[in-house]
1. Based on DSSP H runs of at least 4 residues, each adding -39500 (n - 2.57), what is the mean residue ellipticity at 222 nm of the chain after dividing by all its residues, to the nearest 500 deg cm²/dmol?
2. State to the nearest 20 debye the size of the charge dipole of the chain about its Cα centre, where the only charges are +1 on K and R beta carbons and -1 on D and E beta carbons.
3. Quick one: which of 254-263, 127-136 comes out on top by average Cβ neighbours within 10 Å, and what's the full order, highest first?
4. How large is ³J(HN,Hα) for each residue in segment 187-203, as worked out from phi by the Karplus curve 6.51 cos²θ - 1.76 cosθ + 1.60 (θ = phi - 60°), to whole Hz, x for Gly and Pro?
5. So for segment 45-108, taking the charge dipole from beta-carbon charges (+1 Lys/Arg, -1 Asp/Glu), which of LEU69, LEU105, GLN91 sits furthest toward the positive end?
6. Sort 179-187, 243-251, 57-65 for me by packing, meaning the mean count of neighbouring Cβ atoms within 10 Å per residue, highest on top.
7. Give me the net charge of SER264's neighbourhood, meaning all other residues with Cβ under 12 Å from the Cβ of SER264; Lys, Arg count +1, Asp, Glu -1.
8. Can you give the net charge of the other residues whose Cβ lies under 11 Å from the Cβ of PRO160, counting K and R as +1 and D and E as -1?
Amino acid sequence: MDAQALSTQSSFYLCHLHQLKNSKDLFLQGYNIINGGNTGHVHHLLLYECSIKDNLIYSGLCGIYNARLMPSSVYRYCQTRIIIAWARGGQLNYDYPTKTGLKMLSSTQLLFEVHFEPSIPRNHSIGIQLRFYPLNEKPQYEVGVLTLGTLANSPLFLPPSLNTISFPTYCFNDCLKSFLKNNLVINIFSILVHAHQRATRIILEKNNNFSRLIDQNPFKFHQQEMIYFHEPYPQINSANELSLICYYSTQNDHLKGIYGGYDSNNEMCQAFIYYYPKVESFPLCLSLPVYKNKHLMNNKRNWTNKLSLYIKDELESNIDHLSLCGDNIYFNQKIKEKETTIRLTIKREFQ
């Protein structure tokens, strides 16, 4: 994928859709990011598996701000199943554990998304590629990737002039019960956590503090490396619940609050769990906060420290969340609506 300074906005997204035309299904043992010297201009890259079998063609601007430029089927059905995630400062080479592999169906369509920073010099081309390494035989376990956190354009809002503010998200027990049936246990072998420049710490917990899987403190925006685990790997089952908590500082923002969003100047809170064995139709386990005083969360006001602290308390004491888990699927030659379970959940202490 090549990029030039195509946009005057603070950052932009480019996508390329590629259809595999292999004679048989493949399993990957790993991948490399080629031309890694150019990644200093890259915020993140994602590889999606499309959930539609139609032969689609697209290469160009993408992301929520450019949805009108994309074929609707690409926008709707190629941006749910993340199978590879990389963020700024991350490792350029990745190998899956022995006895595992990432499955690529012969008819798979892949959407390669790259978020470029505005630091790209004008009229300067950048080439970024993924190189796959297939296994010679089918592995014992298929790799899956589970995205945690919240939607990029979520109600996340950070008042200005705060030393610290936390933003919790959840993969609720109801979702894990729905997908981890028949005593299924999944093994986590690596995790990538992702946020933007105001993030200071990211914690992933199992069962509300009873088991802390990771604690990136401090979180470094320019060094978002994959976290690897050793055997015996941490496990998740249907009795669990996951909490992803992002901490931020807005002490250098005095005039306005910070919204959640796709742009580098917005904020995010996400984690990508690499695990095995893969659970079908379970690429997402997210939550969206539902605030009672949402009208306060905007920049149509003169900010004071007292007001920032008041809204911080409102945000951190919120217990209402929408739970989202599911997938886009293709069935009987017809595109079904997004098969996503949505629930209003009151956050309580996990038993």
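Nothing in this text is a laboratory measurement; each read-out follows from the coordinates by a stated rule. Because the structure is a prediction, the values reported are computed rather than measured. In this analysis, Cβ positions are derived from the backbone assuming ideal geometry, glycine residues included, and neighbour counts consider all displayed protein chains.
1. About -2000 deg cm²/dmol.
2. Dipole of the chain, to the nearest 20 debye: 500 debye.
3. The packing order, highest mean first, is 254-263, 127-136.
4. Each residue's phi maps through the Karplus curve to give 10, 8, 10, 6, 9, 10, 9, 9, 8, 10, 6, 8, 6, 10, 7, 9, 10 Hz.
5. Of LEU69, LEU105, GLN91, it is LEU69.
6. Going from most to least packed, we get 243-251, 57-65, 179-187.
7. Neighbour charge sum, excluding SER264 itself: -1.
8. Local net charge: +3.
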